[in-house]
Amino acid sequence: MGLNLRGKAWIFLAILCCSSISSAKAAVSYDHKAVIINGQRRILLSGSIHYPRSTPEMWPDLIQKAKDGGLDVIQTYVFWNGHEPSPGKYYFEDRYDLVRFVKLVQQAGLYVHLRIGPYVCAEWNFGGFPVWLKYIPGIAFRTDNGPFKAAMQKFTEKIVGMMKAEKLFETQGGPIILSQIENEYGPVEWEIGAPGKAYTKWAAEMAVGLSTGVPWIMCKQDDAPDPIINTCNGFYCEGFKPNSDRKPKMWTENWTGWFTEFGGAVPYRPAEDIAFSVARFIQNGGSFVNYYMYHGGTNFDRTAGGFIATSYDYDAPLDEYGLPREPKWSHLKELHKVIKLCEPALVTVDPTVTSLGDNQEAHVFRSKSSCAAFLSNYDPSSAVKVTFGGFPYDLPPWSVSILPDCKTVYYNTAQVRAPSVTMKMVPTGGPFSWESYNEESPSWNDDGTFALDGFVEQINMTRDSTDYLWYLTDITISPDEKFLKTGDDPLLTIWSAGHALHVFVNGQLAGTAYGSLNNPKLTFSQKIKLHAGVNKLALLSIAVGLPNVGLHYETWNAGVLGPVSLKGVNSGTWDMSKWKWSYKVGLKGEALSLHTVTGSSSVEWVEGSLVAKKQPLTWYKASFDTPAGNEPLALDMDTMGKGQIWINGRNIGRHWPGNTAHGNCGRCSYAGTYTDKKCLSNCGEASQRWYHVPRSWLKPSGNLLVVFEEWGGDPNGITLVRRTSK
Ligand code: GAL
């Protein structure tokens with residue numbers, strides 16, 4: 001009965017909203033084998049490139065390299081908080097020029113998979129949600145909630161409307177062949193139950209009702225309502241089955257590596273393992289594979305999600321700077337070539353599977369006019385000799401051999417023919433000639449501070465316009481406090497919802513504490529030096545990007561929420577939570593726009609031997625000329641602590657190289673276990689040492705470089721480097 005109803009609903013929806021999808025003349029439709037474009041079933045190879053993670057000047061080259069690498073489709077999310085920074089005020093310029101990006105893909109002759117979301121996850125600040133959404137009365141995120149659904153629908157309609165107006169859907173002659181609504185909602189729905197189910201149904205109907213003429217997908221959503229296609233995300237997806245035998249088997253995120261978190265080691269994924277996972281998916285009837293990421297790029301500005309590094313390199317086939325990562329890029333290119341040779345057979349018939357041994361199989365696609373075979377060895381460590389079609393074949397461990405004519409091995413996923421290329425970061429130009437400006441910790445009676453009773457939540461105060469919020473109070477110590485004589489300093493303990501905290505006592509940095517990706521909360525507990533009389537306590541609370549995963553975004557908070565206590569005074573312990581606290585949003589240097597040419601002239605900078613070193617709260621500036629050539633450029637920030645960097649007024653991201661890298665870079669044993677044991681590099685070194693400086697942000701000479709350093713670094717170690725294989 002249930003099934004029948006579902007079947008009917010599918011037909012009904014298909015007729016109602018998507019007659020263009022299912023009719024014979026439709027430009028884009030699908031069946032159980034594949035997405036069908038202009039009547040042709042297609043094996044589609046796709047790659048994620050997120051437009052705001054590179055510059056418009058880089059886009060044509062990235063897209064061309066994706067095409068040269070054998071891709072048919074570029075997949076991107078749409079970044080709501082970049083496009084609607086305040087309610088109803090839209091921004092589609094520069095790195096957020098979505099129409100330009102889609103048109104460039106079209107000009108290159110590729111298709112687009114537009115993942116509108118508008119929740120995107122993506123290690124992007126707040127998962128792509130504008131922060132103002134949190135303050136809509138009565139809102140509850142990603143559930144059956146009126147205010148949320150209204151906002152989500154409005155933005156989705158805005159994007160679909162724009163794409164239609166520019167004739168960008170395939171049915172209008174444009175490149176967009178697929179869209180996506182929501183993102184990996186299945187696990188959330190499972191967690192929250194009935195309201196989640198209602199929301200899924202609503203989101204699906206809302207999306208389909210927009211009549212784009214091309215199919216919608218929902219990733220990681222087993223109950224995606226017809227006609228929406230549910231798809232797989234993961235390191236491996238060969239066992240995935242869509243929820244209807246009328247839908248093709250699609251893989252929207254094949255993770256080509258993984259993201260780096262601040263303080264973490266740098267994950268990588270061997271090319272052989274990616275190729276193996278793709279070949280296995282295709283031999284099992286898969287017809288769409290997207291590499292997440294094909295080019296990861298950079299989290300410029302403050303766009304990174306909570307504790308996510310500025311580099312979003314992802315060990316992708318195109319590196320952060322847009323250069324092919326070898327041998328990964330070429331190994332996958334060869335794979336794509338051979339898959340295309342198999343395409344006629346793959347789209348025509350379902351495979352016949354036979355066993356070739358304990359852990360070996362043959363998947364054969366034999367039609368009247370074509371034959372393609374995949375010989376696979378799932379044994380993670382042993383090579384095996386098998387017989388297929390009367391001939392012997394050697395199968396390396398953990399590999400698939402592809403025979404586009406059912407006879408000759410054109411490609412084996414474990415045999416990498418392309419040479420590896422090691423990229424170097426070579427210093428270019430002389431040392432910078434720095435000037436510095438020291439920002440002092442404020443006092444509660446400074447301009448721009450305001451007093452409130454108790455503690456305030458940080459994001460509510462800053463609305464994420466800055467990472468920084470000051471919490472200020474005075475500690476008055478009477479001369480007869482015993483610790484003044486004994487020297488047994490009192491213990492200051494601060495509980496904070498995160499993400500990082502610098503504690504200044506009488507203008508001196510007394511200590512620092514920070515959370516991590518998995519636990520953004522922190523506790524600062526340290527003895528502090530106080531003198532008789534009034535002592536100034538200034539807490540600089542720092543949000544290191546807003547988290548991008550989890551439930552109930554409306555309840556998330558950051559900052560010092562208490563309790564705060566001082567232990568070891570005559571009366572025992574003071575609970576400072578009830579004291580009067582004053583607040584200041586942002587830094588003085590931010591208010592003065594010290595990162596710009598005009599702003600930076602508003603304060604006195606010191607130079608030469610007076611330039612601050614290892615000083616907290618320091619602004620540095622220098623001017624430099626652009627090195628000749630077109631090799632990508634970066635700043636080596638290894639000697640710095642934590643802060644932000646600007647070039648010619650543009651924010652290239654947060655720096656936090658740290659020496660905090662943990663993890664266990666042992667032998668990388670990915671085969672069969674990659675999912676839980678990511679391969680790691682950089683253990684014991686900086687999580688991120690180099691920060692991309694886009695060439696298009698530079699002028700030939702006199703570029704302004706500004707660095708804000710929170711806790712102390714040596715600017716003389718900063719160098720401009722070029723990325724090169726020579
Ligand atoms: C997926 C998610 C992506 C991204 C990825 C990890 O689950 O859909 O947006 O966050 O994980 O890089």
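Using Cα atoms only, what is the angle between the long axis of helix 98-107 and the major principal axis of the chain, expressed in degrees (0 to 90) to the nearest 10?
On a 0 to 90 degree scale, this one is about 30.
With a cut-off of at most 13 other beta carbons within 10 Å, and DSSP calling the residue loop, which GluC sites (Glu not before Pro) in the range 411-473 qualify? Please list them.
Glu440
Report, in whole Å, the centroid distance computed from the Cα atoms of the range 31-70 and the range 557-618.
Result: 46 Å between the Cα centres.
Please give the per residue accessible area of the range 413-515, computed with a probe of 1.4 Å over protein heavy atoms only, in Å².
47
Which three extents, in angstrom, do the Cα atoms of the chain have along their principal axes, listed largest first?
97, 59, 50
By how many degrees, 0 to 90 and rounded to 10, does the Cα axis of helix 59-68 deviate from the longest principal axis of the chain?
Approximately 30 degrees, to the nearest 10.
Return the percentage of antiparallel bridges among DSSP beta bridges fully within the chain, rounded to the nearest 5 %.
Looking only at bridges with both residues in the chain, the antiparallel portion is about 80 percent.
Among the listed pairs Lys164/Lys247; Lys134/Lys584; Lys33/Lys368; Lys201/Lys521, which have their C-alpha atoms separated by more than 29 angstrom in this model?
Check vs 29 Å cut-off fails for Lys201/Lys521.
About the Cα centre, and with charges only on the beta carbon of Lys, Arg (+1) and Asp, Glu (-1), how big is the dipole of the range 203-271? Nearest 20 debye, please. Kindly include the intermediate steps, with their values, before the conclusion.
On the way: 6 positive and 8 negative charges, 42 e Å.
That gives a dipole near 200 debye.
Helix-only mean residue ellipticity at 222 nm, the chain, DSSP H runs n ≥ 4 weighted -39,500 (n - 2.57), per residue, nearest 500. What is it?
-5500 deg cm²/dmol
Which residue, Ala510, Ala543, Ala532, has the largest displacement toward the positive end of the dipole of the range 488-567 when charges sit on each Cβ (Lys, Arg +1; Asp, Glu -1)?
So the residue furthest toward the plus end is Ala532.
Using the crude model of +1 on Lys and Arg Cβ and -1 on Asp and Glu Cβ, and no other charge, please compute the dipole size for the chain relative to its Cα centre, in debye to 20.
1460
Cα axis of helix 146-165 to longest principal axis of the chain: angle in degrees, 0 to 90, nearest 10?
60
For the chain, calculate the relative contact order in percent as a whole number, restricting contacts to Cα pairs under 8 Å that are 6 or more residues apart. Walk me through the numbers on the way to the answer.
Details: 1762 pairs, mean separation 95.9, N = 726.
With pairs under 8 Å counted, the relative contact order is 13 percent.
Using only the Cα atoms of the range 281-348, build the gyration tensor, take square roots of its eigenvalues as a ≥ b ≥ c, and label the shape rounded, prolate or oblate: rounded if a/c is under 1.5, else prolate if a/b is larger than b/c, else oblate.
prolate
If the chain between Gln40 and Asn359 were fully stretched, how many nm would it gain, using 0.36 nm times the residue separation less the Cα-Cα distance?
111.4 nm
At most 10 other Cβ atoms within 10 Å and a DSSP loop assignment: could you name the GluC sites (Glu not before Pro) in the range 199-266 that fit?
none
With the cut-off at 1.5 for a/c, could you classify the range 321-421 from its C-alpha gyration tensor as rounded, prolate or oblate?
The shape class here is oblate.
Specify which residue in the list Ile282, Phe300, Trp190 is farthest towards the positive end of the charge dipole of the range 183-328, using unit charges on the beta carbon of Lys, Arg (+1) and Asp, Glu (-1), about the Cα centre.
Farthest towards the positive end: Ile282.
Over the chain, with every protein chain in place, what whole percent of the accessible area is carbon and sulfur at 1.4 Å, could you tell me?
53
The values are calculated or read from the model by the stated rules, or taken from the named source; none is laboratory data. Small disclaimer: the values here were computed from a predicted structure and weren't measured. No Cβ is skipped: glycine too gets one built from the backbone with ideal geometry, and neighbour counts run over all protein chains shown. These area figures cover heavy atoms from the full protein model, side chains too; ligands, DNA and RNA do not enter into them. Shrake-Rupley method; radii C 1.70, N 1.55, O 1.52, S 1.80 Å.
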